[in-house]
Amino acid sequence: MLLDTSVVIAVLLNEPQKKYIVKQTSGKSVYCATSIVAEIGNAFSSLFKKKLLTVEEATQAFSQFLNLNLPYEEFNVESSLIIANSNNIYAYDAYLIELAQRNNSTLYTLDIKLEKLASKLGLKTLGAK
């Protein structure tokens, strides 16, 4: 199961979906795109701007992320750029679609638009409940 950043952030920040996410991923083989480290940093900086997260909370959450020891997999940038262009999406979303397609993985995301597109492209998805 390929985890989107939104899923990992929800767990790290103890968002309401955390229990459901843990239940859905428990005992399953999960992995992330190598881009997740940068995406987590970007998500945290966005939360800084909205005054929803402090630097201390972010560094603590990032340490928790590192302690999860989630495996990473590299995406194919060229294939991802084709996906991004043909679907008018950001490269970060295309990386996930490319990996899920290549590995025939379920994509777990809380991003409704990404989930809909992935489903439309024939991918197995798991989303917010």
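FYI, it's all coordinate maths here, none of it is from the lab. A quick note: this is a predicted structure, and the numbers were derived from the prediction, not measured. Quick reminder, even Gly has a Cβ in these numbers, built from the backbone with ideal geometry, and neighbours come from all protein chains shown.
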Some residue of region 83-103 being buried (at least 16 other Cβ atoms within 10 Å of the Cβ), more than 17 Å from C32 (Cα to Cα) and touching a helix residue (DSSP H, G or I) at 6+ places or on another chain (Cβ under 6 Å): yes
Region 20-61 - residue that is aromatic (F, W, Y) and touching a residue at least 40 places away in the same chain (Cβ under 8 Å) and, of those, surrounded by the fewest Cβ atoms within 10 Å (Cβ to Cβ): Y20
Some residue of region 114-123 being over 18 Å from S6 (Cβ atoms) and without any contact (Cβ under 8 Å) to a residue 24 or more places away in the chain: yes
Filtered residues of region 2-16 (kept if free of Cβ contacts under 8 Å to residues at least 12 places away in the same chain and over 17 Å from G41 (Cβ atoms)): N14, E15, P16
